[in-house]
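The structure appears below as structure tokens.
The values are calculated or read from the model by the stated rules, or taken from the named source; none is laboratory data. The model shown is predicted, which means the values in this text are computed figures rather than measured ones. Cβ placement follows ideal geometry from the backbone for every residue including glycine, while neighbour counts extend to all protein chains displayed. All accessible areas refer to the heavy atoms of the entire protein, side chains included, with ligands and DNA or RNA removed. Shrake-Rupley method; radii C 1.70, N 1.55, O 1.52, S 1.80 Å.
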2 protein chains.
Amino acid sequence: MNIFALLTSAGINIGICALLLSLYSVLRKQPGNVSVYFGRRLAEQQNRSLDSFSLERFVPSPGWIVKAWKTSDEEILASAGLDAVAFVRMLVFSIRIFSIAAVVCLFGVLPLNYYGQYRHHVKIPSESLDVFTIANVEQGSRWLWVHCLALYIISCSAYVLLYFEYRRIAQMRLIHITQSSPNPSHFTVLVRSIPWPEEGSLSDVVHNFFTKYHASSYLSHQMIYRVGKVQKLMNDAEKVYKKVCLKANMMDQKHCPLKYRSGLCVEAANTSQLSHDEFDLSAKNKDLGLSDSTTKLQECAAAFVFFKTRYAAVIASEVLQSSNPMSWVTDLAPEPHDVHWSNLWIPYRQLWFRRIATRLASIVFMFLFIVPVTFVQGLSQLDQLQQAFPFLKGILKKIVLSRWQEKKHMLQGLVFYYMECVLCQCLIWIYYQPAKYHIESEGNTYTACQSCPKATFFITYVLTSGWASLSSEAIRLFSLIWNFTKKYIFGRKNDPTSVPSFPYHTEVPRVLLFGLLGFTCAILAPLILPFLLVYFLLGYVVYRNQILNVYVSKYETGGRMWPIAHNTTIFSLLLAQIIALGVFGVKKSPVASGFVIPLLIFTLLFSEYCRQRFRPIFEKFSAQDLIEMDKEDETCGRMDEIHQQLQSAYRQFSPDSDSSESAEDDGSIARDVDVKDCSN
Amino acid sequence: MNIFALLTSAGINIGICALLLSLYSVLRKQPGNVSVYFGRRLAEQQNRSLDSFSLERFVPSPGWIVKAWKTSDEEILASAGLDAVAFVRMLVFSIRIFSIAAVVCLFGVLPLNYYGQYRHHVKIPSESLDVFTIANVEQGSRWLWVHCLALYIISCSAYVLLYFEYRRIAQMRLIHITQSSPNPSHFTVLVRSIPWPEEGSLSDVVHNFFTKYHASSYLSHQMIYRVGKVQKLMNDAEKVYKKVCLKANMMDQKHCPLKYRSGLCVEAANTSQLSHDEFDLSAKNKDLGLSDSTTKLQECAAAFVFFKTRYAAVIASEVLQSSNPMSWVTDLAPEPHDVHWSNLWIPYRQLWFRRIATRLASIVFMFLFIVPVTFVQGLSQLDQLQQAFPFLKGILKKIVLSRWQEKKHMLQGLVFYYMECVLCQCLIWIYYQPAKYHIESEGNTYTACQSCPKATFFITYVLTSGWASLSSEAIRLFSLIWNFTKKYIFGRKNDPTSVPSFPYHTEVPRVLLFGLLGFTCAILAPLILPFLLVYFLLGYVVYRNQILNVYVSKYETGGRMWPIAHNTTIFSLLLAQIIALGVFGVKKSPVASGFVIPLLIFTLLFSEYCRQRFRPIFEKFSAQDLIEMDKEDETCGRMDEIHQQLQSAYRQFSPDSDSSESAEDDGSIARDVDVKDCSN
């Protein structure tokens, strides 16, 4: 690939991106697409008037870009939470570090690469891309110290930026924790593997244990029940009933005039009352000892235990409770809306086994993915394969090249997109590096050009997969089509509660992967940097826009993804340095190689320092903060109110109705129902 | 090496062992050697009458063996502590598992190996040792399932035995903790990296912090001071004075009749008094603000904080104190006699850096050792080297073989002895395994005999290094000679306080290394097992004897070495299974290979289960136990007494005198002395 081809490719991609984003700026103004592009606002405000027809609706406008760019971090924090801010900070960090890298490498390293070998230069547009990579620097060149210096500048800038970002997010997290409104999960401990008593109920055991060992701070507890089949059926029936009632209401509003409405509603209300009465009756039956054999509630060896203060709950969750570490296992409780009740029924002794199985499965899955990726990656190395095994030349040309040459990058991008994992990159490096070295040692100078990472491939990957993913993220094609289909074919109305949450699980790895590409390619093939910078700038605008308008934050980790991003960046830095070490070695520059080693050690030390300095903030709550929060609540007289709320925060049965509360209140019902062992 | 040579070697070694142990049984009866062989009893009883001359003193007797054998674990626990019991249990476990392995492998695997190939068998004494290893089983043999079954039996027995041993030691540890007398370290937390105040002293900061956040449980605290040079000189002077006084006393007892003794002692007492008075004076000077510029006590950013209960101390040590994880770093305090004060002066921010440096240094050190070991190990592979590189044959025969053939095993044993680490074994395996496979694939059937581990070498290693080390451990040659020299050349008396403590740091790795050899060789070369069994039986007797008679336990970890031993044994099992997997693969028995994989997975699961079930017991104290202990002390009315003792438990200056207590009591002096930053 030469410069002209690259520029053409870039031009096409820029065109596509511009087109898609213009299309987006028009589509977002259409009232029919409000649920696609303004899901978040819809959920917040419930109604949004965009119905007025005007010509302006069909003219592309950059207003949304300006708005997304100008919104401050504080506004994002206020509207979308700390996780969104952490994600935006990842983009900001990337923009900053790759701006520095671009300046250093484009003005320092690139000319050096270009004039690295005394070869006849053709016109720049016709130059091969390899001429701009480190592969063009001759072996034993005295100018490799410039590459080494660039690596030093990039690494040191990364340390400084990473440190300040980590500190900033850590401070935000501390403020997030201390300023947050009282959260039931801070006062609650999930106790698992409660030892089964010889007589009496589990509830008594929990009560006795905590009044004995945590007398001063124990408030109350709530047992967790394994729901029987009949119980499940009843819950389902209640759900169906509610739906029917809702539909009746809707139909009522739609078709029937006033006179019918009241009747239906009354009936619905009666049915509702009846159902509730039935439930109450069954609860009363239980209280009277008339337990129905089909509606047994089985106590599980797990319970939520409520404490008077946050500090007491944290202590109970962190200290080893019993001399048998497999019983009385305590953890801070999840947030009420985040509880998956059927998971809590799993006996603790199965948990570790399941965790190992999950880990094993994920490793197997990862390795399974490596096979196709390595195969496809191998296709991009066809020319090398040919040189290593000359007999393949004819066969390859006939069979493979003709079929794959066009689709190659697309397919690569596709598979790579699915991988989005770092391991593959490493594996390919390890796998192909010795082969390259072997070829070089045979004295073939031309193949030395191949010894830098697949710059062409990665640049194309950034252009296609990177830029395209952002445009498609903005335009949300699938949602758009689904919205259209739903509305005009199935005739359904928008459901304001079905707003999606931000897909951190796919977007964070993607951004980090591009960071990895940037670090590893920066000094080897600096041409990638401008394209990467455009990706991050575009990403900054698009993601902020989506966070502000489209997605709601259903779950808030309080910025806990930052340590992952930090560690991955450190890994990328380390990998870049190790690759540089190897390339300098291949280029026979022991001085440059030698200077990379202190950098490697410093990176490890920096990582360790950050781990010590900031990591615990993201994993634990500090005594100082918790006690201050507790004291503040006490002086404000909020504590009693919080204790009251705690009692009804975690509801196992039909969260919308109050009727089943009697069954879960403080586990008193447990004394009347049949007790079955589902603990261990 | 053939069977006859092996038996001869064994005979010689048995003879040497018998001779040394007989010599020991005589030497231990000599009154002059009491300090060498009964250091522990000497320290306990102060005097021991063995002076009566009798002929029996010069006749070897097996009485000590019987006594060492019959002593119960409870007696060892009572006299030498839990660590000694844990060490003995390691030996018991080894004896049990290798008895099972010996029965299974000698009766099941060994005949199969011997008749594995239809070759002409010579008389057994002239058979090569390789004929008794798995190398003699032909490729694709249908009898390899016996080896696989033996591996299953050994592994499953190991799981059962390991589980029960772990449980037993864990129970003993729990009893050890709950039954132990009140220990100041259980009530004390070492706080490091106390933030430096803008005004006021560090002591005030500590006081304010703990009265604010741990008001209900905080008792008092004691600052740690960086000792200036003059302070050090004074301490040294006091030590010299004490020595002079002791010598005077000794001389007094030795040469002078009663009339002189009293005078000297009175004078000594006066000197002592004088010195103490001086110290008091300097302390008083400080109190009056007349601080001497040369005797400044610099406050360090570290302190011992005392709590009212054990539970409170554990909470304070485990919970993150401040929102800055690098300040207010808390840990449970070490035991008073285990404090190394100058280590506590090190600022916390240097600590992690030092830890990393230590780790790096140990890795470098390990790799440095691998070079000579691999070289020496390489010498034992000379025949293989010759086959791989035929041109070496002549050269090697001339130069190396003639020089090394005799000394080979001794030198190997020596270097191996120094290594005593597992990594080397792995490295050699990884290094030589591909070479072997390569040779085999060339169709040379004879070399297949070489593909089992160096059975000959390891058997010789057990015979020489193993047995000899035990005999020399019993006879304690260096101590014997040193005792003789000290007594008859320098004319010094025995110092009852200089009894050595048990060298766990060398003996535990040694025993574990032999365990590793046993597991990895068991099914491949079963002939090693009887020799290993003799080693463990002999070790059982010798170590128990030494624990009972020679060594004192100066430091008690409460059996915390057991998890290390357990994990190492698991590692040995895993390694044995991986090697078996490889060997079955080389022998082209996919079924046997396939059956090893579930075993590998089960070993990992077992390891994970034990880690969850038992490990926390060795790392943390449980709330239940601590609260029970606290309650018991309170009901017995011991608590006030304990609190009183806490105040004087940790003494930084002159631990034997009470005079310096004023300087460290509760840090009140800190307000008067100059304060310098030595924190971070």
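Tabulated values for the structure
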item: Point-to-point label distance, A:Leu360-A:Ala215, nm (Cα→Cβ direction, 7 Å offset); result: 4.8
item: Inter-label distance for B:Lys239 and A:Ser126, nm, one decimal - labels placed 7 Å from Cα along Cα-to-Cβ; result: 8.4
item: Solvent-free Debye scattering, log10 I(q)/I(0), computed from the Cα coordinates of the range A:72-182 at q = 0.24 Å⁻¹; result: -1.25
item: Mean projection area, nm², convex hull over Cα of the range B:509-651; result: 13.3
item: Where labels lie 7 Å past Cα in the beta-carbon direction, separation of B:Ser498 and B:Ile481 in nm; result: 1.7
item: Distances in nm from B:Ile12 to the matching label points in the other copies, shortest first (labels 7 Å along Cα to Cβ); result: 8.0
item: Restricting the range B:88-155 to trypsin sites (Lys or Arg not before Pro) in coil, as DSSP defines it, with at most 12 other Cβ within 10 Å; result: B:Arg119, B:Lys123, B:Arg142
item: Histogram of C-alpha separations across the range A:585-644, 5 Å bin width, %; result: 4, 14, 11, 11, 9, 9, 7, 7, 6, 5, 5, 4, 3, 4, 1
item: Base-10 log of normalised Debye intensity for the range A:103-155 (one unit scatterer per alpha-carbon) at q = 0.17, 0.22 Å⁻¹; result: -0.51, -0.81
item: Cα convex hull of the range B:540-608 - mean projected area over all directions, nm²; result: 6.9
item: Accessible area buried at the B-A interface, both sides summed, 1.4 Å probe (Å², nearest 100); result: 3700
item: Reduced Cα scattering model of the range B:452-544, Debye log10 I(q)/I(0), q = 0.11 Å⁻¹; result: -0.43
item: The range B:154-198 and the range A:140-208: distance between their alpha carbon centers, rounded to Å; result: 28
item: Three-way shape call for the range B:152-220 based on the alpha-carbon gyration tensor, with the a/c threshold at 1.5; result: prolate
item: Too-long pairs where the Cα-Cα distance tops 31 Å, listed order kept, from B:Lys232/B:Lys631; B:Lys67/B:Lys487; A:Lys123/A:Lys587; B:Lys239/B:Lys554; A:Lys70/A:Lys631; B:Lys232/B:Lys493; result: B:Lys232/B:Lys631; A:Lys70/A:Lys631
item: As computed over the range A:1-159, the Cα convex hull volume per residue (Å³); result: 156
item: Calculated from backbone phi, Karplus (6.51, -1.76, 1.60) coupling profile of the range B:63-73 in Hz, x at Gly/Pro; result: x, 5, 5, 4, 5, 4, 5, 7, 4, 7, 4
